[in-house]
Amino acid sequence: MTTSEYVIDVKDLTKRFGEKMAVENVTFNTKRSEVFGFLGPNGAGKTTTIKMLTTLLPPTSGTASVLGFDLKTQGRKIRERIGVVQQQDSFDQGLNVETSMEVYGLIWDVPKKLRRDRIDELIERFGMHDFRKLATLDLSAGQRRRLQVAREFIHDMDLLFLDEPTVGLDPIVRRNVLDYIKDKVKDGLTIFFTTHILEEAEYLCDRIAVINQGRIIQIDTPGNLKRRFGSAKAVEFNLQEESPPGFVENISSQESISSLTYDKSTKTYRTTTSRPELVIPEIYRIADRFRLTISSIFIAQATLEDAFINMVTEDDKETKGRETG
């Protein structure tokens with residue numbers, strides 16, 4: 001690896017597909033042993049950016065170095081030192097789990113003893129004992145995802161791209177995977193991480209870039225993003241009854257509420273607002289109109305998800321204003 005201050009150093013990176021601007025003048029950098037989160041709505045440009053940085057797609061314009069190597073002219077050297085976990089399955093479905101990992105280690109020329117030791121460790125850490133001999137074709141979606149993430153750690157690398165790595169994993173396995181990633185970062189690995197689960201980003205990431213409509217709109221630590229854009233409080237409440245048609249729409253239509261979500265597992269409604277003192281009486285009033293009983297209601301701290309929603313919503317409003325202005 002050549003000497004460079006940053007593991008990834010991107011300046012004005014742009015990708016067009018015909019008339020469509022997928023990524024526009026993206027600029028950022030990541031440091032060694034950093035977990036760099038790359039968050040955005042569907043279609044924001046996350047996967048396109050990863051494909052450029054992993055040399056799968058050539059950029060339309062701009063410059064980037066990865067591990068000190070030029071993205072446009074030294075792609076082979078970059079590929080030798082990175083790992084990539086894509087959203088799509090990418091293993092031979094004719095093999096069983098253990099053999100799939102063995103073959104992957106052979107591809108990366110990992111010595112036999114080291115290869116076996118790492119496979120045994122990964123099967124233990126990722127909880128794959130029960131299906132280590134099962135054909136990959138017969139795995140559940142969550143099991144396939146575990147294999148795909150675990151397999152990448154068989155070979156040595158300096159930088160790992162993780163694109164939605166925990167999709168389909170249950171909460172216990174997800175936390176085990178995230179903790180394993182944290183351990184590897186302590187050993188010097190750098191992670192480029194995308195997820196739609198904002199709690200994961202808050203737990204794992206040192207810094208986060210938020211991308212929307214192909215442009216980066218903010219880069220900062222999770223804590224700073226919450227302080228700057230999560231100023232809106234969250235009012236959470238539960239109902240004794242199931243909500244009838246029209247109830248959610250009435251709550252969402254209140255001017256003081258910027259968003260409303262519902263957690264089916266806890267049957268909790270969560271509103272984000274800058275004026276909780278106005279929202280709480282309105283929730284009671286609307287519940288009374290629908291003859292509903294509120295069993296609990298309280299003001300919660302703003303989360304990274306609240307901040308993310310505020311950032312993207314405000315950016316969408318500004319973009320719409322420029323287009324119509």
Decide, for the chain, between rounded, prolate and oblate: order the square roots of the alpha carbon gyration tensor eigenvalues as a ≥ b ≥ c, take rounded if a/c falls under 1.5, and otherwise choose prolate if a/b is larger than b/c, else oblate.
oblate
Reach of LYS233 by Cα under 23 Å, taken over lysines that are not fewer than 8 positions away in the same chain:
LYS264, LYS267, LYS317
For helix 112-125, what angle does its Cα long axis make with the longest principal axis of the chain, in degrees from 0 to 90 and rounded to 10?
20 degrees
Testing the spin-label approximation: label points 7 Å from Cα along Cα→Cβ at GLN87 and LEU56. State their distance in nm.
1.0 nm
Hey, got the dipole for segment 135-217? About the Cα centre, +1 on K and R Cβ, -1 on D and E Cβ, debye to the nearest 20?
100 debye
Relative contact order as a percentage, segment 1-151, C-alpha pairs under 8 Å and 6+ apart, gives 20 percent
Give me the lysines in straight-line cross-link reach of LYS182: C-alpha distance below 17 Å, same-chain residues under 8 apart excluded.
LYS31
Out of PHE247, THR63, GLY127, whose Cα points farthest toward the positive end of the dipole of the chain (charges: +1 Lys, Arg; -1 Asp, Glu; placed on Cβ)?
THR63
Work out the length of the dipole vector of the chain about its Cα centre, built from +1 on the beta-carbon of each Lys and Arg and -1 on the beta-carbon of each Asp and Glu, and round it to the nearest 20 debye.
520 debye
Of THR272, THR136, THR73, whose Cα points farthest to the positive end of the dipole of the chain (charges on the beta-carbon: +1 Lys, Arg; -1 Asp, Glu; origin at the Cα centre)?
THR73
Comparing LYS31, LYS267, LYS77 in a Gaussian network model of the chain (Cα, 10 Å), the one with the largest mean-square fluctuation is LYS267
Placing +1 on the Cβ of each Lys and Arg and -1 on the Cβ of each Asp and Glu in the chain, which of GLY223, GLY18, PHE36 has its Cα farthest towards the positive end of the resulting dipole?
GLY18
Among THR14, THR266, THR136, residue whose mean-square fluctuation peaks in a GNM of the chain (springs only between Cα atoms under 10 Å)
THR266
Distance between Cα centroids, segment 145-219 to segment 106-135: provide it in whole Å.
20 Å
Work out how much length ASP183 to ASN42 would gain on full extension: take 0.36 nm times their residue separation and subtract the Cα-Cα distance, in nm to one decimal.
47.8 nm
Roughly what would the spin-label model give for LYS267 and SER252, points 7 Å off Cα along C-beta, in nm?
2.2 nm
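Each value in this text was obtained by applying a stated rule to the coordinates, not by laboratory testing. The shown structure was predicted, so the numbers you read here are calculated from the model rather than taken from an experiment. Every residue, glycine among them, receives a Cβ derived from its backbone with ideal geometry; neighbour counts consider all protein chains shown.
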